[in-house]
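The values are calculated or read from the model by the stated rules, or taken from the named source; none is laboratory data. Because the structure is predicted, anything quoted here is derived from the model rather than measured. No Cβ is skipped: glycine too gets one built from the backbone with ideal geometry, and neighbour counts run over all protein chains shown.
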Amino acid sequence: MNKLIYGLILVVIGALVGIYLPWYAMGVAFGLIAFALNMPLKSSFLIGFMAGYLLWIFSALWLDMQHPSTLPGRMAQVFPLKGNVFALFMLTGVLGGLFSGIWTWAGARLRQK
C-alpha cells in the first residue's frame with residue numbers, strides 16, 4: 001500500500017512540476033521526494049519508473065490530442081517504428097520512466113548513507 005501512495009505522490013508532484021518547470025526538473029523533484037519520504041531503496045527505482053512512465057505517456061497523448069500535428073507520425077518514421085505513433089509514445093514513456101526511476105533511486109540512495 002505504501003508503494004501506491006508513494007507512486008501517487010510522485011505522479012501528482014511530477015505533473016505540477018512538469019507544468020511550471022523544464023522537463024528535467026521532474027527528475028530532481030522525484031529525487032527530493034524519495035529523499036524526504038525515506039523511500040525504500042529496493043522498490044524506489046520501480047516506483048519512480050512507473051510514475052515517470054505514466055506521466056510521460058499521458059503527457060504525450062494529451063499534447064497530441066490538444067494540438068494535432070503530423071510531427072509525431074514523421075518522428076515515428078525517423079525511428080525504426082514504421083510510422084506507429086503509439087509505439088513512439090511508448091518509447092517516450094520508457095525514456096521518461098528510466099529518467100525518473102534513476103532520479104528516484106538516487107534520492108532514496110542518498111538517504112541510506
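Structure values in brief
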read-out: Test result for L110, closer than 23 Å to A25 by Cα, part of a helix (DSSP H, G or I) and modelled with pLDDT under 95; value: yes
read-out: Region 73-101: number of residues that are more than 27 Å from V28 (Cβ to Cβ) and outside any loop (DSSP other than H, G, I, E, B); value: 8
read-out: Conditions (1) touching a residue at least 12 places away in the same chain (Cβ under 8 Å); (2) on the phi < 0 side of the Ramachandran plot; (3) outside any helix (DSSP H, G or I): number failed by S44; value: (3)
read-out: Residues of region 47-72 satisfying the condition of being outside any helix (DSSP H, G or I) and of a type outside the set (S, T, N, Q); value: H67, P68
read-out: Flag for L54 being out of contact with any Leu (no Cβ under 7 Å at 6 or more places or on another chain), farther than 15 Å from W103 by Cα and in contact (Cβ under 8 Å) with a residue 40 or more places away in the chain; value: yes
